[in-house]
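The values are calculated or read from the model by the stated rules, or taken from the named source; none is laboratory data. The model shown is predicted, which means the values in this text are computed figures rather than measured ones. All Cβ positions, even for glycine, are placed from backbone atoms using ideal geometry, and neighbour counts span all protein chains on display. Side chains are part of the model used for accessible areas, which takes the heavy atoms of the whole protein and leaves out ligands, DNA and RNA. Shrake-Rupley method; radii C 1.70, N 1.55, O 1.52, S 1.80 Å.
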Amino acid sequence: MRSEADDRAAEAAALPDPAFVVLVGPSGSGKSSWATRYRPQEVVSSDQLRGIVGGGEHDLSASSDAFAVLDQIIAARAGRGLTTVVDTLGLDPERRSRYLELARRAGMPAVAVLFDTDPQLCRQRNRASDVPVPPRVLDAQLRAMAAAPAQIENEGWDLVLRAPAADIEPAHTPGARRAHADQRLVPAGVSFTLQVSRFPWEQDPADWLRSVAMAAAETGFTGIALMDHLIQIPQVGRAWEPIPEPWVTLGMLAGLDTNLRLGTLVTPATFRSAGVLAKTVATLDVISGGRAFCGIGAGWWAREHAAFGLPFPPTGDRLDLLETAIETMRALWAPGTRPYRGDRVHLPETTCYPRPAGSIPVIVGGGGEKRTLQIAARLGDGCNLPAELAVLDRKIAVLHAHCTAAQRDPAEVAITVLDVPVIGTDRDQAARITERLRGRTSTAEFARRHHAGTAADHIGRYRLLAERGVSTVFVSLPDLTGPSEVLRFAPVIAAFS
């Protein structure tokens, strides 16, 4: 069994992705075999380029041309922030210096991977090669390799590893591999709710919605959340793509044979009068058997308000509406029909039937540190925050400070996050999804923004969220077209079951 020390060592040795990786080792040391863990287009090999510009991989007369092409390719890839693995001998300090400078200009982690394979094994492999390197040449390489570790130690590389190194780890989530290992040893609990934000339902909307909901239940999602927008937002799709009214749609989903919790993430307080919203949510809770929740925020998109003839007041007034809406819903969901007089709301009666089947969680969405998080601390059952770890840490600290000021236990306010992950069955599929969706955004930036990776990468990342107190992750799949994308998330949920 792996020890904790083993897991910490693996974390320290994790290969960041993207990164500029230079392999250093003599012929027969295993560099090319090791490089197969990367995607083929990420590995730039001087041997292969000799085969392209010369008579074959061992055509040494083509070396100058091969390295000229290699330099062009790695400069182009690094300039785009793409992982680049330089598969050459890597034994020339001057050439390594140029590689290091290239990585620095590109703002990429510079990684040297040393292959100090036993010299006798290198010679044995060389003799077995179809075209062996002359023994005197290999001897010179072995002597150069003996000096390389000390040289590289002083060259300024961000990370120096000795093969075999740890697995590739997305640079956007350092520590994910360690966290994945921790999750296997001592599982942490996090629930996952599928947020459906795009609706490519073609000719049968009801069947599409049904199939996605049933796939979510089969996969292990605990709920479904719908965006509440009147026009599809540019972060998701084009304005003329369908986006249904959420509470009507959730009513339809309530009729399916599932235990999924149902709600919005989030409803703008500017869209509906607070009393009507209270009635809507209570009705959904009753017909679903107590499975409703209400994500609510101040609203942010002026265009949809103008298009539908709705007022869009200044930010402070919208936040006042948010406070009023939460207070009104609480009043109308409470037992009895007596008048209500509160901080912002005065009601002559609270006759609102049917009453909710149970306590309806109210999740406040938005990250405004001065006012929105203060409202969440005072009035919310939960607060939905960004999933980016550094941002999340700051927001949680501010939220908890507001809880303390309001004399409320921070544990009473659940922390949830909205995550928009690109998840592939392997790195190659994750890269293909990224390329298909990125539009005009650079590949590296889109991959970073959506944490593109495999199930293992996301398991580690969600473990890091759990360690910060996140109880629910709202997952919005940017490549959602139907049930198959939902089912791809199953290994992640299984790791937290």
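Summary of computed values
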read-out: Condition met for GLY289 (in a loop (DSSP other than H, G, I, E, B), within 30 Å of ALA331 (Cβ to Cβ), small (Gly, Ala, Ser) and open to solvent by 30 Å² or more (accessible area, probe 1.4 Å)); value: yes
read-out: Yes/no for ALA140 being open to solvent by 30 Å² or more (accessible area, probe 1.4 Å) and assigned to a helix (DSSP H, G or I); value: yes
read-out: Every residue from the stretch 382-392 that is touching a residue at least 24 places away in the same chain (Cβ under 8 Å) and either surrounded by fewer than 18 Cβ atoms within 10 Å (Cβ to Cβ) or part of a helix (DSSP H, G or I) (or both); value: PRO386, LEU389, VAL391, LEU392
read-out: Among (1) assigned to a helix (DSSP H, G or I); (2) more than 12 Å from the chain's Cα centre (by Cα); (3) touching a residue at least 24 places away in the same chain (Cβ under 8 Å) - the single one ILE459 does not satisfy; value: (2)
read-out: Criterion violated by ILE233 - all others in (1) closer than 23 Å to ALA298 by Cβ; (2) β-branched (Val, Ile, Thr); (3) not in a loop (DSSP other than H, G, I, E, B) satisfied; value: (3)
read-out: Leading residue by the ranking (surrounded by the fewest Cβ atoms within 10 Å (Cβ to Cβ)) among those in the stretch 24-58 that are in a loop (DSSP other than H, G, I, E, B) and touching an Asp or Glu at 6+ places or on another chain (Cβ under 6 Å); value: ARG39
read-out: In the stretch 394-438, residue most open to solvent (accessible area, probe 1.4 Å) [restricted to those that are in a helix (DSSP H, G or I) and of a type in the set (S, T, N, Q)]; value: THR404
read-out: Sole exception among (1) surrounded by fewer than 19 Cβ atoms within 10 Å (Cβ to Cβ); (2) touching a Gly at 6+ places or on another chain (Cβ under 9 Å); (3) under 17 Å from ASP426 (Cα atoms); (4) small (Gly, Ala, Ser) for GLY460, by number; value: (1)
read-out: Residue that is surrounded by the fewest Cβ atoms within 10 Å (Cβ to Cβ) [pool: residues in the stretch 236-275 that are in a strand (DSSP E or B) and in contact (Cβ under 8 Å) with a residue 40 or more places away in the chain]; value: ARG261
read-out: Residues of the stretch 117-127 classified as within 12 Å of GLN141 (Cβ to Cβ) and among the charged types (D, E, K, R), total; value: 1
read-out: Matching option when the condition is assigned to a helix (DSSP H, G or I) and among the polar types (S, T, N, Q), among GLN183, GLN195; value: GLN183
read-out: Members of the stretch 354-365 that are buried (at least 17 other Cβ atoms within 10 Å of the Cβ) and in a loop (DSSP other than H, G, I, E, B); value: PRO356, ILE360, PRO361
read-out: Residues located in the stretch 414-439, provided they are free of Cβ contacts under 8 Å to residues at least 40 places away in the same chain and out of contact with any strand residue (DSSP E or B) (no Cβ under 7 Å at 6 or more places or on another chain); value: GLN429, ARG432, THR434, GLU435, ARG438, GLY439
read-out: Any pair with Cβ under 8 angstrom, 6 or more apart, that starts in the stretch 164-192 at a residue that is closer than 25 Å to LYS31 by Cα and ends at one that is among the polar types (S, T, N, Q) and open to solvent by less than 20 Å² (accessible area, probe 1.4 Å); value: none
read-out: Selection from the stretch 59-71 of residues that are open to solvent by 50 Å² or more (accessible area, probe 1.4 Å) and in contact with a helix residue (DSSP H, G or I) (Cβ under 7 Å, 6 or more places away or on another chain); value: ASP65
read-out: Condition broken by MET227, with the remaining ones in (1) within 25 Å of the chain's Cα centre (by Cα); (2) surrounded by fewer than 18 Cβ atoms within 10 Å (Cβ to Cβ); (3) not acidic (Asp, Glu) satisfied; value: (2)
read-out: Any hit, the stretch 310-321, residues being more than 16 Å from THR372 (Cα to Cα), at pLDDT 95 or above and in contact with a strand residue (DSSP E or B) (Cβ under 6 Å, 6 or more places away or on another chain); value: no
read-out: Matching residues, the stretch 77-111, being out of contact with any Lys or Arg (no Cβ under 9 Å at 6 or more places or on another chain), more than 19 Å from SER46 (Cβ to Cβ) and either aromatic (Phe, Trp, Tyr) or not in a loop (DSSP other than H, G, I, E, B) (or both); value: ARG104, ARG105
read-out: Test for ALA307: is it touching a residue at least 12 places away in the same chain (Cβ under 8 Å) and either out of contact with any strand residue (DSSP E or B) (no Cβ under 7 Å at 6 or more places or on another chain) or open to solvent by 30 Å² or more (accessible area, probe 1.4 Å) (or both); value: yes
read-out: Scan of the stretch 139-156 for residues that are under 45 Å from the mean Cα position of the chain (by Cα) and aliphatic (A, V, I, L, M), ordered by number; value: LEU142, ALA144, MET145, ALA146, ALA147, ALA148, ALA150, ILE152
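Results for (1) within 27 Å of ALA239 (Cα to Cα); (2) open to solvent by 30 Å² or more (accessible area, probe 1.4 Å); (3) touching a strand residue (DSSP E or B) at 6+ places or on another chain (Cβ under 9 Å), shown as yes or no for each residue.
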site	(1), (2), (3)
LEU277	yes, no, yes
ARG330	no, yes, yes
GLY342	no, no, no
HIS346	no, yes, yes
GLU349	no, yes, yes
CYS352	no, no, no
